Amino acid sequence: MATTRSPRKGSLQYWPRKRAKRIYARVRSWASGQGFLGFAGYKAGMTHLIVKDNRPNSMTKGEDIFMPVTIIECPAIKIVSLRFYKKTQNVVNAVSEVFFKADKELGRKLKFPKKISQERLNEIEKRLGEFDDLKAVVYTQPKLTGIGKKKPEVFEVAIGGNSVNEKYNFVKQFIGKEITVKDVFKQGQQVDFHCVTKGKGFQGTTKRYGTSIRGRKTEKAKRGIGTLGPWHPAHVLFTVAQPGKMGFHMRTEYNKWIIKIGEKPEEINQEGGFVNFGLIKNPYVLVKGSISGPRKRLVRFTKAIRQNKKLVEQPPEISYVSLESKQRHR
């Protein structure tokens, strides 16, 4: 039987293969737009829908089709501070920050002033013209979910607008209030997901890079590579597949389609709850396809930075949601 050969796995686009610095992703680039440009939620699992295909150029237009979706539980987030930036030469630096009253659980994550000075906020309002950008520092509320976590995650969310004054006037109405996913996104919208993938520990070359398994009579390792390279020059290139840590990488998936934003958890909850997650208790988002990372991990999603213009903005009509329990019955 002929030997099956295939191209090398493991893209060199992602190099070096570093583990993420923290368990939830950071966002470095933001799309233009109005209002908050991002949100976050906890990955619960997957299910499938039967929807009416509404893509205009699809061969199954108007027919009922199968669609796998990922369920993300999205408890409301709150603002802990506003961070003001100023551009100096080619660098944008944070030059001022104003804190607000926050929940006591946030003390598990960071230290912030217990007394909030209204005078400082008034002083900053008079100096808005000096700044070049404004971002909100928000924190999650995992205590509202059933995943057994209390320590919140803290991250920045960009605010869209034409000027710092416009951004400040928008965000001021949310100070001390909860921000829900419906305040940021709508159904049918395209979003980019920023996730930290599953960690798989130390793995060999065959699992890590997909190298072919060597013959039965091979010397030393069957699941190892054939050669590290030539004798001269006596140097091992970085492109050579080697064993090492695999997974727990920060990755971005572009143009995911929001199929539904629901506020009634009973519409999606399975009998016995989702495997390794439990019951959903907050608003949720159904996203077409799979999302990186394990269950219970925080995933961040932002407005699409390079939208697929062929995708329709109207979500398909859902006729069936699979609520079949995935729990194993002994």
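Take segment 76-179, drop everything but the C-alpha atoms, weight them equally and run the Debye formula without solvent; then report log10 I(q)/I(0) at 0.17, 0.19, 0.20 Å⁻¹ to two decimals. So the normalised log intensities work out to -0.81, -0.98, -1.06. Look at the alpha carbon pairs under 8 Å that are at least 6 residues apart: their mean separation over the length of the chain gives a relative contact order of 29 percent.
Could you give me the percent of Cα pairs per 5 Å distance bin for segment 1-136, shortest bin first, beginning at zero and ending with the bin that holds the maximum distance? P(r) over segment 1-136, rounded to whole percents: 2, 6, 9, 11, 12, 13, 13, 9, 8, 7, 5, 3, 1, 1, 0, 0, 0. For the chain, excluding the exposed loop sites themselves (GluC sites (Glu not before Pro), DSSP loop, at most 10 other Cβ atoms within 10 Å), the longest remaining stretch covers 64-218.
Dividing the Cα radius of gyration of segment 1-59 by its Kirkwood radius returns 1.11 for Rg/Rh. With Rh defined as the Kirkwood radius, the inverse of the mean 1/r over Cα pairs, the Rg/Rh of segment 149-246 is 1.29.
Would you mind getting me the FRET efficiency between residue 219 and residue 3? Use the beta-carbon distance for r and R0 = 25 Å, nearest 0.05. Show your work: numbers first, answer last.
Numbers: r = 18 Å, r/R0 = 0.72.
According to the calculation, E is roughly 0.90.
For residue 144, project a label point 7 Å along Cα to C-beta. Then give me every residue of segment 179-198 with its amide nitrogen under 17 Å of that point. Label zone hits: 179-186.
Annotation for residue 133 and residue 111: the two label points, set 7 Å from Cα along the Cα-Cβ direction, are 2.8 nm apart. Note on the chain: Cα-only Rg and Dmax are 23.8, 80 Å. Ordered by the number of other Cβ atoms lying within 10 Å of each residue's own Cβ, fewest first, 231, 257 fall into the sequence 231, 257.
Of 222/288; 264/296; 151/326; 101/303; 43/207, which pairs sit farther than 30 Å apart, going by alpha carbon to alpha carbon?
Numbers: 222/288 39 Å; 264/296 19 Å; 151/326 28 Å; 101/303 28 Å; 43/207 25 Å.
In this structure, 222/288 exceed 30 Å between Cα atoms.
When each of 145, 140 is scored by the number of other beta-carbon atoms lying within 10 Å, the sequence from fewest to most is 145, 140.
With Rh defined as the Kirkwood radius, the inverse of the mean 1/r over Cα pairs, the Rg/Rh of segment 90-142 is 1.01.
Values in this text are rule-based calculations from the coordinates and carry no lab data. Just so it is clear, the model here is predicted, and its values are computed rather than measured. Cβ sites come from the backbone with ideal geometry, for glycine too, and all protein chains shown count toward neighbours.
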